[in-house]
Structure formats: structure tokens, C-alpha cells
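Data block below; observations after.
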Amino acid sequence: MIVVPNSSSIFSVIKSSKTLLRFTPMTTSPHNTSTPVVEYELITNTSKLSDALLPLQKARVIAIDTETTGLDPRSDRIRLIQLAIPKHPVVIIDLAAISIDELSPLKQVLTNNAIKVFQNGKFDWQMLGMLGLRPTGSFFDVMLASQVLRSGLKKEHDLKSLALEFLGIELDKSLQSSNFTGKLSNSQLEYAALDAFVLLKLRMQLISRLRSASLLETAELEFAAMPAVAQMELNGMLLDAEQWHLVGEELNQKKQTALVELVEAGLKPTPSAQLSLFPEFTETINPRSSTQVLSALHALNIPIKLTSKSELIPLARQYPIIQLLLNYRKLASLYSNFAEALPKHIHPITGRIHPSYRQCGARSGRFSCKQPNLQNVPRNCTAKGMRNCFIAAPGYQIVKADYSQIELRIVAEISGDTRMLDAYTKGEDLHTLTASLITGKSLEEVTSEDRRIAKSVNFGLIYGMGAAKLQAYAEEKYDVLLTLEEAKEFRKRFFQAYSGVKRWHDRIRRTVYAKDIKQIRTIGGRRRRWAKKPRLSELLNHPVQGTSADMLKVAIARLFELLPKTGAKLIGVVHDEILLECPQISLKRTSRILKRVMVEAGELYLQQVPVEVELTISSSWG
DNA sequence: GGATCTAGCGCC
DNA sequence: AAACGGCGCTAAATCC
């Protein structure tokens, strides 16, 4: 077995005895798979670095992969950097053997004009950036490319799956999580080299497929947004832990009170064979257990089949205990999901929360966010407000900008509904207009209650919601009580008033849904596909939600170029909202840039509807 | 006992 | 005739 030399006195370039494998990429699903072995050069000596990188300086395309000691860019380190160009051994640089300040030849390669190919480049970009080796130029990310290409069909976009599906290459990923801190085995190096090598082949395959599917532009948009997303994660958000603790206390108190009320109202466990073995347990009930709650409510002669919110809400007025139950469940969920959970994510090194954003996390092209999900932090659930606990660092302010009613504007654009277009062109409020149209009142007579009803109608009906759901939705989300008859009537009047929206629904039903077509695109061409027949509502939704995602991505990609000169940092995105942390002195300039960039990004997609952005500056989010 | 599924909560 | 879409997290329930 070949042991990697750690000493620079040893001849440091090892050539694999195996030959560089040449093969033709498969254009159809491969039946025969192989595990090629690629030639590599291992660089463990500063003096060899320049020579080894010489061929890469002129390359048009470089595939880059890294092996690290872990997954956290703030605490883990890169051990190996693998660089692959066509018809040349993969260059593997052992950073354990080369000092950081000797890496300028590498930095030159990482910042040249070549296209840099990555798998999940966000991670490598972050790791390299932490070493002062931030890659620049244009990027190609095979994971993002695969997600764009197969959105809606596949969920697995790891390198192993891609290599197998597009190239028929079997990658042994058992070594991925092996120990990259000590001496490296030959098989570890072969694994590392192969990973970089297949990126070049994957890119060729993916380009051709993206082009055939007219998805190159969408993929390029993802690649352009990638560094912004990577930097956004590194920036993270600052949570005021003391303030947060107070919010938690408030919630906990309310939760305890709610539980007492619930028990006093008569919610108690039902005797069951199992529980009776433990008499002390029969004294309490867990209101978060749907099975316990179901039998407890049955014991009180409340006729329900499920304990779901939609089932319970209609009964809440008749049975006060139901309202108390809903109240408790809400508080308990807020407490465990947010109050308790978020502080666990404060990073020990930075003191900030660094969530993980997936830029193709949703099939529509929207972002998803996890560990923790900061896209669902409650808005108004406590006196103080949870979002207010996310604060700007000293000397900074939080600049928040969101697209105003962007989904409705996109519906107006796509449907061409003249009344909607007219209203937005005149700068009118669409919810008030809808209120006027469904109640028959004049715009001046519309009350705020009418407007609230109209809001639920607007958001509910654009994707074809039925009357029954509209009724439930209006009560649950907007605290609006409608009879089923009223819901039916409002639905009818909505589509009479916005006949263009009706025609849009009919058109999609006729030309896509009825023809069993299993794909649809956004204005910018982003495609979503379905394995089985999509629902009409899904077909209506994707072009709207996806277009909104497209414009957000254009905006953050542009901001990544423009923000450094203001010192502002991108710290979050929430679908139609962008959050920056901005030095006091550049607030005006940054706000101007942010608003302009967002409006221009929106105008790339909306030709007939004005784009409006609402911007606020505050010491906190919220 | 751990992995996975479901219900129910939050957001846009 | 009827149909809103897109996510992630926690606790309870269930599977293996």
C-alpha cells in the first residue's frame, strides 16, 4: 500500500500506476457501469505547486473539489484540493503539507477566467473562502444543474447518483466520510481524484441536456446566485439571546396557563387498559397527542373524526374547550419549535445563527432553509415579537425589502387580466378593488373588514380554490367568517370581475391539464415536471411562485456584485424579501441600491405590471 | 432501540 | 364537479 509522504523531503509527486481512463459518456440510461481510475499528481511540496498548476492556468474549464475534515466552514478545514482539466492528471494539493501563504499560484488559478465546475459549489466556495482562496469567475454547479433539469422528478442530486445516472460511473462514497486528517491512503486519493474528474464529464452531459430543454439560462441564474447564497450563510443572523429568553418565558407562562384552563374545562384522560396500569399517568393528558385528545373529546360527546385544526375550528364556537385546545397546541408548538430550538443554533465561534439555504430546495425554484429554518419564524405571536429579537450588530442596521404583492402581480402579467393590470398601473390597492367588486360597494365604502375578506379571496382563488376551502381558509388565516353560500358567491363574483384570470385557468386546463402534459414553465423558462398527472392548481402555481423565485435570485446575484462597496451584508431571504445588515454610514446608498436592484430584477420578468418594493430600516428584523 | 411516518405548527 | 401552491421542525405514533 502506498502511504502518502508527509515530509517535503520525499519526492512529492506520485503518479498512479494505472492508466488514465478514456471513455465515452452515455447518452441513454447506462446499463453497464464502471469505476474508472484516473491519473493524479499529489502535491505535497510548495516548490512543485507552480509547475503542477501551470497547465491549469490556460485551461478554459477547471473542475474543483475539496476533501475536508468536516462540514462546518467555520471550524473545519480543507485537507485536499483536487483540480481537474481535460486530458491531464488530476492535481491534488495536500494542504496539510503546504503553508497557507505559499498558495498564491493556487489562488491565481481559482480567480482566473476559467469556468469553475463544482458539485454543491456553495460548500467548496465557503471552505476555500475561509482560507482566503475565494473562487471567482463563472461557475458551473452540477448539483444545481441537475436540480434545474429535473425539478419535480428527482430529489437525489448527490455526485454518486449523478455519476451513475449520467455517466454510468460507480463512485465509492464510503471514503467520503473517512478520516481526512491523518495520513491518506491510496484509495482515498483515488477517490478524491475521481470526484474531480467526473465533474468535467458531468458538465458536458448536463450542458447538452440543459440546452435541449432550454434550461441553460435558468441554470446560469442558479450558478450566478450561488456565491451570494454561500456568503449569506457565512454572514448569518444575530439573535439577541437575552431578549429571546424573555420571549420564551412569556410563551412558557401562557402555555402553562393554557394547560390549566384546558384541564379545568374538563379535558382529562380516558381510562384505557394500558394506562390504568400506571394510575399516576391517568391524572394527566397530553394535549399534543392526537390519540389522547380524540378519545378525551369523544368522552365529552364532541363528535369529531380528527383532531386537525380544520376539523376543530368550526366547533370552536360551540365548544369552548376546543378553542382552549387550539390555543394550547399553538403555544406549545411555538415554544418547542422556536423558543427552545433557535438558541441551539447559535454558533460557538461567531455567536450568530448560520442556517443552511438550498437555492433549489423547492420544486418551484424557491429557496428552502433549514438548521434552523429562518423562513418560518413567527411574525406576531408574542408581545415583543420573535423577529424583533434578530438584531443588527453594533454600528449596523437591518435593511429589509420585500416585493409588494408579487404573486398577484405575476398573476396579472401571466393572465393578462385587464382589470388587474389596470389597477396595478394606476397604483391602486388590489385587495380594496376586490372588496369593492365582490361586495358591490364603491372603493370609498369598502371597510377594513371588507378588505380583509378580499385579501383571503384574492390569495385563495388565484390557484383555483373551491368554495368550501375558501370558507375554511378565510376563517383560519384571516379570521373571516363566511357562510358557504357567501364563499360561493364571492368566488363567482371574483371570476366575473377578473375574467382574465378565469381565462388563464381555462387555458391551462385546456392546453396542459386536459392534455396530460406533465410540465410547465415560469416566465423565465424555469421548468417543473411531474411523474404523475399534476393537479390543475399545481400547474397554475408553478409559473407564479417560480417567477417570483427567479427575480429574487437575479436580485441577490446582482447584490453580491454591488454590496461589497457599501459594506452591507446579505443575511437572509424569505421568498419575496431580502434582508441586509448594513453599516450606519452607508444606509442611504445601500437602500437605494437594494431597491433599484430588486425593481430591475422584477422588471426583467414583468413587462405589463409595475414592480413595487417596500423597504424598511430598523435595528432589528420585524 | 433507532428509523420512519404523521399531525400540526410556523412562514411566503 | 371539484380542486390553492411551496417549504421545515417537533413530538407522537408506528414500523422494523
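The values are calculated or read from the model by the stated rules, or taken from the named source; none is laboratory data. Only a predicted model underlies this, so the values are computations on that prediction, with no experimental measurement involved. A quick note on method: Cβ atoms are made from the backbone with ideal geometry, for glycine too, and the neighbour counts reach across all protein chains shown. Heavy atoms of the whole protein, side chains included, go into the accessibility calculation; ligands, DNA and RNA do not. Shrake-Rupley method; radii C 1.70, N 1.55, O 1.52, S 1.80 Å.
Taken over the range A:339-356, the criterion of being within 16 Å of DNA strand B (Cβ to nearest atom) and open to solvent by 20 Å² or more (accessible area, probe 1.4 Å) is satisfied by A:Glu340, A:Ala341, A:His345, A:Ser356. State whether one or more residues within the range A:415-426 are within 16 Å of DNA strand C (Cβ to nearest atom), crowded, with 23+ Cβ neighbours inside 10 Å and modelled with pLDDT of 95 or more. Yes, the range A:415-426 has at least one match.
Condition check ((1) touching a strand residue (DSSP E or B) at 6+ places or on another chain (Cβ under 6 Å); (2) closer than 27 Å to A:Arg451 by Cα; (3) of a type in the set (Ser, Thr, Tyr)) across all residues:
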{"site": "A:Tyr319", "(1), (2), (3)": "no, no, yes"}
{"site": "A:Gln323", "(1), (2), (3)": "no, yes, no"}
{"site": "A:Tyr335", "(1), (2), (3)": "no, no, yes"}
{"site": "A:His345", "(1), (2), (3)": "yes, no, no"}
{"site": "A:Arg366", "(1), (2), (3)": "no, no, no"}
{"site": "A:Arg387", "(1), (2), (3)": "no, yes, no"}
{"site": "A:Glu407", "(1), (2), (3)": "no, yes, no"}
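Considering the range A:520-597, the qualifying strands (runs of 3 or more DSSP E), each wholly inside and each with 2 or more residues that are within 16 Å of DNA strand B (Cβ to nearest atom), run over A:569-573, A:577-583. Residues that are out of contact with any strand residue (DSSP E or B) (no Cβ under 7 Å at 6 or more places or on another chain), of a type in the set (Phe, Trp, Tyr) and open to solvent by less than 10 Å² (accessible area, probe 1.4 Å) within the range A:117-160 comprise just one, A:Trp125.
Helices (runs of 4 or more DSSP H) fully within the range A:102-221 that include at least 1 residues being over 20 Å from A:Val91 (Cβ atoms): A:121-130, A:142-149, A:159-162, A:186-212. The combined condition, being open to solvent by less than 60 Å² (accessible area, probe 1.4 Å) and within 11 Å of DNA strand B (Cβ to nearest atom), is not fulfilled by A:Gln359.
Checking each residue in the range A:483-507 for being open to solvent by less than 20 Å² (accessible area, probe 1.4 Å), under 29 Å from A:Glu311 (Cβ atoms) and aliphatic (A, V, I, L, M) picks out only A:Ala487. The set of residues in the range A:582-614 that are in contact (Cβ under 8 Å) with a residue 40 or more places away in the chain and in contact with a Leu (Cβ under 7 Å, 6 or more places away or on another chain) comprises A:Thr590, A:Ser591, A:Leu594, A:Lys595, A:Val597, A:Gln608, A:Val609. When residues in the range A:233-268 are screened for being within 29 Å of A:Glu577 (Cβ to Cβ) and in contact with a Pro (Cβ under 9 Å, 6 or more places away or on another chain), 9 of them pass.
A:Ala339 meets all of the listed conditions (1) away from DNA strand C (no atom under 14 Å from the Cβ); (2) touching a helix residue (DSSP H, G or I) at 6+ places or on another chain (Cβ under 6 Å) but one, namely (1). When the residues of the range A:427-463 are filtered to those that are within 16 Å of DNA strand B (Cβ to nearest atom) and open to solvent by 10 Å² or more (accessible area, probe 1.4 Å), the one that is modelled with the highest pLDDT is A:Tyr463. For the range A:370-386, filtered to residues that are basic (Lys, Arg) and within 16 Å of DNA strand C (Cβ to nearest atom), the residue that is most open to solvent (accessible area, probe 1.4 Å) is A:Arg379. Being touching a residue at least 12 places away in the same chain (Cβ under 8 Å) and not aliphatic (A, V, I, L, M) is the filter here; which residues of the range A:51-71 pass it? Across the range A:51-71, the qualifying residues are A:Pro55, A:Gln57, A:Arg60, A:Asp65, A:Thr66, A:Glu67, A:Thr68, A:Thr69. Of the residues making up the range A:457-471, not a single one is part of a strand (DSSP E or B) and touching a Lys or Arg at 6+ places or on another chain (Cβ under 9 Å).
Among the residues of the range A:472-508, those that are of a type in the set (Asp, Glu) and free of Cβ contacts under 8 Å to residues at least 60 places away in the same chain comprise A:Asp479, A:Glu485, A:Glu486, A:Glu489, A:Asp506.
For the range A:549-566, does any single residue satisfy the condition of being surrounded by fewer than 16 Cβ atoms within 10 Å (Cβ to Cβ) and within 26 Å of A:Leu326 (Cβ to Cβ)? So far as the range A:549-566 goes, no, none of its residues is surrounded by fewer than 16 Cβ atoms within 10 Å (Cβ to Cβ) and within 26 Å of A:Leu326 (Cβ to Cβ). For first residues located in the range A:103-120 and in the same structural domain as A:Leu200 (by TED's automatic domain parsing), partners that are acidic (Asp, Glu) and open to solvent by less than 10 Å² (accessible area, probe 1.4 Å) and lie 6+ apart or on another chain with Cβ distances below 8 Å form the pairs A:Val117/A:Asp141; A:Phe118/A:Asp124; A:Phe118/A:Asp141; A:Gln119/A:Asp141; A:Gln119/A:Asp195; A:Asn120/A:Asp141.
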